[in-house]
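The values are calculated or read from the model by the stated rules, or taken from the named source; none is laboratory data. Please read these numbers as outputs of a predicted model, since none were measured by experiment. Positions of Cβ are generated from backbone atoms using ideal geometry, with glycine treated the same way; all protein chains shown enter the neighbour counts.
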Amino acid sequence: MMLSIGEFARETGLSAKALRLYDELELVTPAEVDDRTGYRRYTADQVDHARLVARLRVAGVPLRTIAAVAGATTPEVAAAELLSYWRQVEADTASARSIVASLLAQMRGRHAMTDTTETTTRIPRSAHRAGRGARDAQLDEVHPRTHRLAAQVAGQRLFAVADGFGDADGAAGVALDALAALDAAPAGPDPLGALDAAVRTAADAVARRADDGAPGSGTTLTALLLVGDRALVAHVGDSRAYAVGGEGLVRLTHDHTVVQSMLDQGRLRPEEAGDQPSPAVLNRALGHGTPTAPDLSVRPVAPGERLVLTTDGVHAVLEPRLLAELLTAPGEPDEVAASVEAAVLAAGAPDNYAVVVVEV
């Protein structure tokens, strides 16, 4: 039985655009193409092949290996090709890890010898909003937990959002409670290292909680630590950090999802992204089953600059243009946070949401 490209798309879960791309890449070739109209037709026997190609693409497998695996004459041959490829990936990763570790040691040594940065932190103004939305439970959390300013200790300020998953008891809250100790810690010579360590402590707390009867639970975490004239960001998952200044709205984090990672690396094309069965599946988060180490970044901040943290109940619900308008609008932090919440509610608030607005 022959299937039109539309019928084949429905059977495979892929879009017609992705199927045309796979045809161009010679990965999924139509059984026949009408010479007059150019219409592509496929057979039912090609459905599993197309699904396999799509999964290999998301895994970042290069085209040559995909062709070898998908075109293998037996499952044994396909498995051998894929295993050989993956073993080389692991070997390459080990080599790269050694080089990067050496470079990091050199960079940290130079920083320790030359860092004379002033650590007096301006007292920021902040506000936040969070809500359950249409969900049965509120799994998103913010730090500080109230609308008051976090206590200043040794010139540091800590703000964070976390989006829990897997249960209703609050993996996000567990992570933020563990992270909050950083607010009370004295400033040290390596605040970025301290932030990194605090996130790892939070990850351990979430893992212990999962072991104690909450299997499958976890959380995203995006934390902002203000030290002197610097904003330090630690990030795991798909919550986000933004900066608003002379450059307009600048996103400071990358989503840790399987699909986004492939897009960032150029291993997946935008036209393929929407075809994935679970485009928001996390490949990094605090919890069991995924890497928990955070991305770290440092950004200079100037007086009047605004920093914003959101969970995906905000940035996945609001159109990017609307979110940019709201976050760059003039006003006090409380006004900006309130306008974001109002827009989320107007959009139906299908998910838990949280937003933190900080004015330096």
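Of note:
- Contacts under 9 angstrom Cβ, first residue in region 241-264 being free of Cβ contacts under 8 Å to residues at least 40 places away in the same chain, partner in a strand (DSSP E or B) and surrounded by fewer than 19 Cβ atoms within 10 Å (Cβ to Cβ), 6 or more apart: Val250/Arg299; His256/Asp295
- The single condition from (1) touching a residue at least 24 places away in the same chain (Cβ under 8 Å); (2) not in a helix (DSSP H, G or I) that Ala54 fails is (2).
- Condition check for Tyr42: of a type in the set (Phe, Trp, Tyr), within 21 Å of Glu272 (Cα to Cα) and in contact with a strand residue (DSSP E or B) (Cβ under 7 Å, 6 or more places away or on another chain): yes
- Selection of region 71-90 for residues being farther than 22 Å from Ser261 by Cβ and either touching a residue at least 24 places away in the same chain (Cβ under 8 Å) or in contact with a Ser or Thr (Cβ under 7 Å, 6 or more places away or on another chain) (or both) yields only Glu81.
- Filter result for Ala194 (within 30 Å of Gly109 (Cβ to Cβ), over 18 Å from the mean Cα position of the chain (by Cα) and in a helix (DSSP H, G or I)): yes
- Considering residues of region 14-29 that are in a loop (DSSP other than H, G, I, E, B) and at negative phi only, the residue farthest from the chain's Cα centre (by Cα): Thr29
- Helices (runs of 4 or more DSSP H) (entirely within region 263-338) containing at least 1 residues that are at pLDDT 90 or above and of a type outside the set (D, E, K, R): 312-315, 320-328
- Unmet criterion (only one of (1) part of a loop (DSSP other than H, G, I, E, B); (2) within 13 Å of the chain's Cα centre (by Cα); (3) at pLDDT below 90; (4) not polar (S, T, N, Q)) for Ala187: (2)
- Which numbered condition Val340 misses (of (1) surrounded by fewer than 24 Cβ atoms within 10 Å (Cβ to Cβ); (2) in contact with a Lys or Arg (Cβ under 8 Å, 6 or more places away or on another chain)): (1)
- Any hit, region 238-246, residues being of a type outside the set (S, T, N, Q), assigned to a helix (DSSP H, G or I), over 19 Å from Arg299 (Cα atoms) and assigned by TED's automatic domain parsing to the domain that holds Leu307: no
- Residues (without any contact (Cβ under 8 Å) to a residue 40 or more places away in the chain and within 21 Å of Leu307 (Cα to Cα)) located in region 194-240: Ala194, Ala198
- Single match in Val58, Val53 (criterion: surrounded by 15 or more Cβ atoms within 10 Å (Cβ to Cβ), in contact with a Phe, Trp or Tyr (Cβ under 7 Å, 6 or more places away or on another chain) and not acidic (Asp, Glu)): Val53
- Number of residues in region 1-45 that are crowded, with 19+ Cβ neighbours inside 10 Å and under 20 Å from Thr73 (Cβ atoms) equals 2.
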